[in-house]
1. Here's a check for you: in the range 117-148, which residue that is in contact with a strand residue (DSSP E or B) (Cβ under 8 Å, 6 or more places away or on another chain) and either within 30 Å of residue 62 (Cα to Cα) or part of a loop (DSSP other than H, G, I, E, B) (or both) is modelled with the lowest pLDDT?
2. Hey, residue 146 hits all of (1) closer than 24 Å to residue 23 by Cβ; (2) without any contact (Cβ under 8 Å) to a residue 12 or more places away in the chain; (3) more than 19 Å from the chain's Cα centre (by Cα) but one; which does it fall short on?
3. Could you check how many residues of the range 45-72 are within 16 Å of residue 107 (Cα to Cα) and at pLDDT 95 or above?
4. Among the residues that make up the range 47-54, is at least one of them over 15 Å from the mean Cα position of the chain (by Cα) and either within 19 Å of residue 147 (Cβ to Cβ) or not in a strand (DSSP E or B) (or both)?
5. Looking at the range 2-29, I want the residues that are on the phi < 0 side of the Ramachandran plot and part of a loop (DSSP other than H, G, I, E, B) and have a partner that is surrounded by 14 or more Cβ atoms within 10 Å (Cβ to Cβ) and at pLDDT below 85 with Cβ atoms under 7 Å, at least 6 apart or on another chain. Which pairs are those?
6. So residue 37 ticks every box in (1) out of contact with any strand residue (DSSP E or B) (no Cβ under 7 Å at 6 or more places or on another chain); (2) within 24 Å of residue 16 (Cα to Cα); (3) touching a residue at least 12 places away in the same chain (Cβ under 8 Å) but one. Which box is left unticked?
7. Is there a residue being touching a strand residue (DSSP E or B) at 6+ places or on another chain (Cβ under 7 Å), surrounded by 15 or more Cβ atoms within 10 Å (Cβ to Cβ), touching a residue at least 24 places away in the same chain (Cβ under 8 Å) and not in a loop (DSSP other than H, G, I, E, B) anywhere in the range 86-98?
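The values are calculated or read from the model by the stated rules, or taken from the named source; none is laboratory data. The shown structure was predicted, so the numbers you read here are calculated from the model rather than taken from an experiment. Reconstructed Cβ throughout: ideal geometry from the backbone, glycine too, with neighbour counts over all protein chains shown.
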């Protein structure tokens, strides 16, 4: 969902705005990922730093089991440090298709830096008001075979 002022924009305009907001010169973020499991749900928090779309560093803050795990992305390379083994490994090839912390997100998904307008066609399928702001719900279909 995405909020824009005035009337109903077309879906491509919304996607272009999303692309414009996806990267910045530098970025510091704190994120939360909720993984819904069969028996229970887990919440993972992380602190991230990025410079453009080619350089990023993430440190997992919780839960205790994941705390201290670090990821470094430099262009198309990705390294992970595990505090439990005190080792750093570079992920490549089939390893990039593995799940991030047991989620549906893969390391390959995290490495993606193409624009959404390059990967998806979008159409507006609904509207919703969130916190007093009008938003639009997009249905997105892949333009390219490798979009996930």
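1. 148
2. Residue 146 satisfies every listed condition except (3).
3. 10
4. No, the range 47-54 contains no residue that is over 15 Å from the mean Cα position of the chain (by Cα) and either within 19 Å of residue 147 (Cβ to Cβ) or not in a strand (DSSP E or B) (or both).
5. These pairs meet every condition: 23/53.
6. (2)
7. no
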